[in-house]
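Reading through the structure tokens given below for one structure.
The values are calculated or read from the model by the stated rules, or taken from the named source; none is laboratory data. Keep in mind it's a predicted model, so treat the numbers as computed, not measured. All Cβ positions, glycine included, derive from the backbone under ideal geometry; neighbour counts span all protein chains shown.
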Protein chains: 6
Amino acid sequence: MPVNTMEISARNVFTGTVISIQYGQILAELVIELPGGLEITSLITKKSAERMHLAEGRKVSTIIKASNVMVALD
Amino acid sequence: MPVNTMEISARNVFTGTVISIQYGQILAELVIELPGGLEITSLITKKSAERMHLAEGRKVSTIIKASNVMVALD
Amino acid sequence: MPVNTMEISARNVFTGTVISIQYGQILAELVIELPGGLEITSLITKKSAERMHLAEGRKVSTIIKASNVMVALD
Amino acid sequence: MPVNTMEISARNVFTGTVISIQYGQILAELVIELPGGLEITSLITKKSAERMHLAEGRKVSTIIKASNVMVALD
Amino acid sequence: MPVNTMEISARNVFTGTVISIQYGQILAELVIELPGGLEITSLITKKSAERMHLAEGRKVSTIIKASNVMVALD
Amino acid sequence: MPVNTMEISARNVFTGTVISIQYGQILAELVIELPGGLEITSLITKKSAERMHLAEGRKVSTIIKASNVMVALD
């Protein structure tokens, strides 16, 4: 069973595809393409990226807690 | 000039439309519809929601710092 | 399959038992007892607590991104 | 029009001047001097620092969501 | 011994005075005045505000992790 | 007097022992062992780790704001 909105308290779970990974010594920066063409950038530890065998083309979910989403006026 | 990716360090700025607002005593919970039909939930203070005159139908940007985006395997 | 450290990028996933839930209008405050007797407090949305049917005695995992953990000297 | 408290939900927007930037492979660490002499440290991605052409002496706003501000007793 | 920058990993520790507190059912919203007249807003749990006996006029430190500070161009 | 739950608004303060430190250019990744054998990973700045003279075997407190704790169903 996947990690989805039935299982985790975070309100924002979006499925997408990893389109780039860049590694530092501690962090990995991922860009994930969501449906509709939106691209979302994520910073996770390099160890997590390696443990999860993340790579370009891998289908993943992005998870964002609602308290971390700000709003601005256009 | 709008808040966009040229102006703020946050990597994730997505334009959408407020489709619901619910108020508590301190917080406001907003649901914003993004292009492609994704719905993103945001918690901000009630005072900010009032100061910005947020309401259903209002076009806004959602802003998320990359360090607050997690990844999970489907 | 559970949400565990093989599936999510967050480095800190601890299994425990919900020992109290208190509701506001927007938020729910949960206290979860971890093995060894540690108690951890979590704020999630009331809607998530209801969707997940959280209640005292429910076994859950707590998830914390490493970038949200500070350190202090005793 | 600048990013200010009329435009973004974040409650804490302080104008200051960049006094140092240090780069890693993924991150940039900035120190910004606020009026009154307070110095605030920010971690953003290196890509954002480059995109925004941040440099010592540049006037910027620091933005902090209220839910990320803790309080301690002196 | 106070919580200060010698003791906690958070890079931003600013001393100020509580100038307002507003309570919800779960949260408390504090406004703290910093030297130089800056006002910073903090959201903490009501239980923490009560445990710490926070009140208007109380001298406190505000604590902000560097990874939670964004930057915008004016 | 230590940083404890009497002094800081963060609800989650756990005492443990540093069991590993890895350095990048900007960040340090620490693993801290808590009572009961739980291991918690923290990302702080390299400058903070150096300022605090953190090293393996050092007793520290980990501090986590309740709003940064998510919950998932097992």
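The table below gives the values:
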| quantity | calculated |
| --- | --- |
| Evaluation of D:ARG11 against (1) more than 7 Å from chain E (Cβ to nearest Cβ); (2) modelled with pLDDT of 95 or more (one fails), failing number | (1) |
| Subset of region D:23-33 (residues that are touching an Asp or Glu at 6+ places or on another chain (Cβ under 6 Å) and either facing another protein chain (nearest Cβ under 7 Å) or among the small types (Gly, Ala, Ser) (or both)) | D:ILE26 |
| From the options B:MET1, B:MET6, residue that is among the hydrophobic types (A, V, I, L, M, F, W, C), modelled with pLDDT under 95 and either buried (at least 24 other Cβ atoms within 10 Å of the Cβ) or touching a Lys or Arg at 6+ places or on another chain (Cβ under 8 Å) (or both) | B:MET6 |
| Count of residues meeting criterion [within 7 Å of chain A (Cβ to nearest Cβ) and more than 23 Å from E:THR41 (Cα to Cα)] in region B:38-64 | 3 |
| Residues located in region A:22-37, provided they are surrounded by fewer than 17 Cβ atoms within 10 Å (Cβ to Cβ) and of a type in the set (A, V, I, L, M, F, W, C) | none |
| Long-range neighbours under 7 Å by Cβ, at least six apart or interchain, first residue within 15 Å of F:ASN68 (Cα to Cα) within region A:56-73, second buried (at least 24 other Cβ atoms within 10 Å of the Cβ) and modelled with pLDDT under 95 | none |
| Subset of region F:29-46 [out of contact with any helix residue (DSSP H, G or I) (no Cβ under 9 Å at 6 or more places or on another chain) and either β-branched (Val, Ile, Thr) or over 28 Å from C:PRO35 (Cα atoms) (or both)] | F:VAL31, F:ILE32, F:LYS46 |
